[in-house]
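Chemist: Please see the structure below; I have some questions.
No lab work stands behind these numbers, since they all come straight from the coordinates. None of these values were measured; they are calculated from a predicted model. Counting neighbours? That spans all protein chains shown, and the Cβs are built from the backbone with ideal geometry, glycine included.
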Amino acid sequence: MIQKKVCMVGVFGTGKTSLVQQYVHTKFTDKYHSTVGVKIDRKVVNVDGTDITLVLWDLAGRDPQQDVGSSYLKGAHGVIYVGDGTRRETVSELDDLLRVATAAAGPVPSVTAINKIDLTEQWALTPEDYQALVKRGGLFRTSAKTGEGVEAMFLQLARFLTVPKAGA
Amino acid sequence: MADVTAASRASDVPRGTGAEATLTPPSVPLVDGAPVPLAPSAAAGSATPAADPRTVELAELRRLLLGAEQARLDEHDRRIRDNEMSPEHLASRLPEAIVLRAGQDKQLARALAPTVEAAISESVRRKPGEFADAIFPVLGPAIRKAIAETMAELVGSINRAMQHSFSARGLSWRIESWRTGVPYAQVVIKHALVYRVEQVFLVHRETGLLLAQAHPPHLEVPDADLVSGMLTAIRDFVGDSFAGEKEVGGLRTFSVGELTVMVEQGPRALLAAVVRGQAPESYVRRLQETIEGVHAQFASVLADFDGDTAQFGPVQPLLEDCLVTVLATDAPAGTKVNTTPYLIALGAVVVLTLAWSTWQTMRWSRVIGALRATPGIVVMESQRGWRTHTVRGLRDPDAIPPNALFASAGYDSVRVEQQWEPYLSLEPSLVLKRVQRRLGAPQPGTPTYSLRGDTVVVGGAIDAAWLARVARRTGWPAGVATADVRSAEPIVPASLAAVADSMTSVRVLFAAGSSELDGAARSAIRSAARQARQVAVALAADGVVATVTLAGRADVTGTEATNAALSRERADRVRGALDAALRDGAAKGPVVRFDPRGLGTAEPIAAGDSVARARLNRSVSFGIRLVIDALSGARPQ
């Protein structure tokens, strides 16, 4: 069995826990619980006939007072960056988070989720912002509430992870 | 990030293919590993006789025209010959070929396996005896080992079961099991558990991914993947929070309720054991040794780990070795079993047994003592057994039956085995018993017997004829030489009692102051004489002498002296008339003695009024006194 450690990183309130909930348990709640430390969940996904277990480390959201726990990022095989389309600052923080994660886990595969696309009337991203994100590659527009884009995002990361890595 | 991975894929694939390609051998024909010469015909040609130049030329021409084709023909020819390898050739090369191929891969073993299995099966079927002989040296030790291990396990479990089944604790556990519905075995474990390792994880240190895990069968454990991840997260958190920059060993132990998680870490992986109860220090060492062993054995796999846990299959036995369950009852020392209740019970049993045994012994010796005191019984040997008892000795047939004694002491006579030799006892009571049985019962009379030396003394008022026979008796039972009947009072035998009674009721009456016999008096005397004769004759045959007593009386008139003389005179007158009547009509009368007495007014005959009394007392009345002839010395013939 192939297992991969995947870390969810992002500013607090962007919907990391909700994405995992939607993906693993197919459910959504409007109530907001701030994650303390880390929550771990698991999902088996089949990529081209190979089962791969994603061990999802749902890290506590970053806030101005506290940096994301870099120890939790150690050894991650993949990273999911999560931004909130209704809060522009959460997206601009992603560059900094990328730097932190790369320092802790190395240049590992990643995808970026811009979450809460169901709240289109509150959408705050400019087309320029969006273009900058697209350049990063692996960009997904998701809604943890409706489930849109969630499955595809995780599956894409799983595909990245199953590609043989160059040398140790 | 994705770009980096994609690039690495592109570089990987061709390199792998290249490596495979170089391993494939080029398709050059080989014979025994050596290249085939391309022009064998040259050698063949030189071998042919060179005498005929035309032949040589023809060969040369052929070589020029058909050189390449000829070589290929020869090559095919040789291949055909080589394929038809002779058995001899194969035999010489077979062992080397097998060794060579076995060294390369497992194809040979796979190919041979079905054949070997079939061959063994056939061999066993045809000659089971030889096969058994062949594998016997292996089979014996293997079976012994298996049996020994099974027995050890069985004894262990029996010991535990016994220890728990027969204690108050075990009983309370049974009740708990019944009350809660939890199986008894689990209740025992819950209480007796010192510690049990419920889960062992091997976790990749950097990623927190679970490499392998083990847990006891039938024990439900949480999702190991998540536990492994959380464990790592907790370690990371603790490390971040307390150890600061420099990691100094990280989290080693933490407890959750009854569970303790013990963590031993190596450079690339860590071993976590979930322990219920208190594990000793020695268990920590075992975990250390295990994680060291894992690192030594899987160094490269751990270093190159990229999420594929399949490579860690062989680590499973190492983890299973760490699953330990230690019960309090397993400990040979240290855990003290409370023996007080057992000792009290044992003491009670011992005391009761002793008391019972003592009481039994006393009861037995009491009954044996009673037997010994019994006249006519001599106990020579007695033995008290667990259920049956034995007594041996001598017993006089007249002694009281021993069974009565045993019964009165509470023994079932069936359980007492008795062996009595008959003998004659000279105990006086038994001697007298024998005498009494020998003499029979007199009629009338109730004799009393006693023993004075070897003489039986007979007393009481007894039939005179019977007494006379006893006095004359010579054949006595053992212990008796003679009988003394002098203290006995002979009385008239039953057969003569009526006659004697009628004689003693006769009264010869007199007128006042007179001793003359009138008609009525003489008639009464004749009647008494007849009766006296009858008694005397009958008794004389048995040697008993009858004495007729004649009691003369007077009424109260007159002086005492006159009355005494008068009463004596009356008795003498009646004696004379009686003697004459007895002699009358008989040449020689029976031996009848007379004993006349004058009573005067003493011993008066009672009557209603004074006139009748005076008339009745002016009289002579008769009595009979018997004497045993043997004692008087005058034995009649």
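Chemist: Ordered by packing density, taken as the mean number of other Cβ atoms within 10 Å over each peptide's residues, highest first, how do B:424-436, B:567-579, B:115-127 rank?
Modeler: Per-residue Cβ counts within 10 Å, averaged per peptide and sorted highest first, yield B:567-579, B:424-436, B:115-127.
Chemist: Next up: Would you mind counting up the charge near B:ARG618? Only other residues with Cβ under 9 Å from its Cβ, with Lys and Arg at +1 and Asp and Glu at -1.
Modeler: +2
Chemist: To the nearest 10 degrees, how steeply does helix A:127-136 sit against the main Cα axis of chain A, on a 0 to 90 scale?
Modeler: Long axis of A:127-136 versus the principal axis of chain A: about 10 degrees.
Chemist: When the gyration tensor of the protein assembly as shown is built from Cα positions, what are the square roots of 5 times its three eigenvalues, in whole Å, from largest to smallest?
Modeler: They are 145, 49, 20 Å, listed largest first.
Chemist: Sticking with this structure for a sec: Counting only other residues whose beta carbon sits under 11 Å from that of B:LEU432, what net charge do I get with K and R as +1, D and E as -1?
Modeler: Surrounding charge for B:LEU432 is +2.
Chemist: Project the alpha carbons of the stretch B:453-563 onto their principal axes and report the range along each, largest first, in whole Å.
Modeler: Over the stretch B:453-563, Cα extents along the principal axes are 63, 31, 16 Å.
Chemist: Report the local net charge at B:PRO477: Lys and Arg +1, Asp and Glu -1, summed over other residues whose C-beta lies under 15 Å from its C-beta.
Modeler: So the surrounding residues net to +1.
Chemist: Any chance you could list the semi-axes, whole Å, largest first, of the equivalent ellipsoid that the Cα gyration tensor gives for the stretch B:525-596, using √(5λ)?
Modeler: Gyration-tensor ellipsoid for the stretch B:525-596: 28, 12, 9 Å.
Chemist: Also, I was wondering about something else. Place +1 on the Cβ of every Lys and Arg and -1 on the Cβ of every Asp and Glu in the protein assembly as shown, take the dipole about the Cα centre, and give the residue among B:VAL591, B:GLY239, A:ALA152 whose Cα lies farthest towards its positive end.
Modeler: B:VAL591
Chemist: With charges only on Cβ, +1 for K and R and -1 for D and E, what is the dipole size of the protein assembly as shown about its Cα centre, in debye, rounded to 20?
Modeler: The calculation lands at about 7080 debye.
Chemist: A further question follows. Structure shown: which of A:LYS43/A:LYS116; A:LYS39/A:LYS116; A:LYS74/A:LYS116 lie over 24 Å apart, alpha-carbon to alpha-carbon?
Modeler: A:LYS74/A:LYS116
Chemist: Pairing the Cα long axis of helix A:150-162 with the longest principal axis of chain A, what angle in degrees results, from 0 to 90 and rounded to the nearest 10?
Modeler: The angle comes out at about 30 degrees.
Chemist: Same structure again: What is the Å³ per residue value for the convex hull set by the Cα atoms of the stretch B:66-218?
Modeler: Dividing the Cα hull volume of the stretch B:66-218 by its residues yields 327 Å³.
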